Amino acid sequence: MRQHGKVSEVTEKKTAVYVDDQQRILIRQLARSWLWRSELPTWLLIVTVYGGWFACVAGWQTLGLMLATLLLIWFTTWYMSLQHELIHGHPTRLAWFNQLLGTLPLAVWYPYGIYRDSHLAHHRNHLLTHPEDDPESYYVTAESWQRFSAWQRRLIHLRNTFWGRLLLAPLMDIIHTLN
């Protein structure tokens, strides 16, 4: 790259190997946008998750038990997604502030600190997404797949859909953790 007649080295942040050149260009373009830099979507997620969760708890009698339960499942799942974003430095680069935003135990599964430590360890491992060694992987080995019954395979397919990831995966993860 030339700058003012001088050749300078461009140091580019490494991206995952599964991101192709066209996607890298798109990511660089998006990173320049106001929306990307403002972290507005993450801030809106914080307000929506906490506001929705507390509104459901406060108004469950008006909503009815079934609707309130379904909405709480929805908000709790989004809360767990929010915790993931907070751990990875969104919406601020202040780890203590992000921790403050994610510490309320809306999903009584893992306290924020335990989830943060285990999740970051998962990213530091060269076996990321390996079906036998990564506890957060949804991949299975070919041998395991062959051993699964038809209903187990259908369950895995369902879990990997949008609705399955939202409604079924948290329950399956909790059961897996307790085992």
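Listing for the model above:
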| item | result |
| --- | --- |
| Pairs with Cβ under 6 Å, 6+ apart, first in the stretch 27-47 and outside the structural domain of PRO91 (by TED's automatic domain parsing) and over 20 Å from ILE87 (Cα atoms), second of a type outside the set (Ser, Thr, Tyr) and part of a helix (DSSP H, G or I) | LEU30/TRP36 |
| Any hit, the stretch 27-47, residues being modelled with pLDDT under 95, touching a Ser or Thr at 6+ places or on another chain (Cβ under 6 Å) and surrounded by 14 or more Cβ atoms within 10 Å (Cβ to Cβ) | no |
| Residue selected from the stretch 148-163 under the condition over 19 Å from the mean Cα position of the chain (by Cα) and in a loop (DSSP other than H, G, I, E, B), by the criterion nearest to SER137 (Cα to Cα) | PHE148 |
| Helices (runs of 4 or more DSSP H) wholly inside the stretch 68-147 containing at least 3 residues that are in the same structural domain as PHE54 (by TED's automatic domain parsing) and touching a residue at least 12 places away in the same chain (Cβ under 8 Å) | 95-102, 112-123 |
| Residue in the stretch 86-97 that is over 14 Å from the mean Cα position of the chain (by Cα) and either polar (S, T, N, Q) or on the phi > 0 side of the Ramachandran plot (or both) present | yes |
| Options ALA95, ALA31, ALA68, ALA58: the member that is more than 27 Å from LEU178 (Cα to Cα) and touching a Gly at 6+ places or on another chain (Cβ under 9 Å) | ALA95 |
| Of all residues in the stretch 161-179 being surrounded by 13 or more Cβ atoms within 10 Å (Cβ to Cβ) and at pLDDT 80 or above, the one that is nearest to LEU70 (Cα to Cα) | LEU168 |
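Conditions tested, residue by residue: (1) under 16 Å from PRO170 (Cα atoms); (2) at pLDDT 90 or above.
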{"position": "HIS84", "(1), (2)": "yes, no"}
{"position": "GLY89", "(1), (2)": "no, yes"}
{"position": "THR92", "(1), (2)": "no, yes"}
{"position": "ASN98", "(1), (2)": "no, yes"}
{"position": "LEU104", "(1), (2)": "no, no"}
{"position": "TYR115", "(1), (2)": "yes, no"}
{"position": "LEU120", "(1), (2)": "no, no"}
{"position": "TYR138", "(1), (2)": "yes, no"}
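The values are calculated or read from the model by the stated rules, or taken from the named source; none is laboratory data. All values reported here derive from a predicted model rather than from experimental measurement. Cβ: placed from backbone, ideal geometry, glycine included. Neighbour counts: every protein chain shown.
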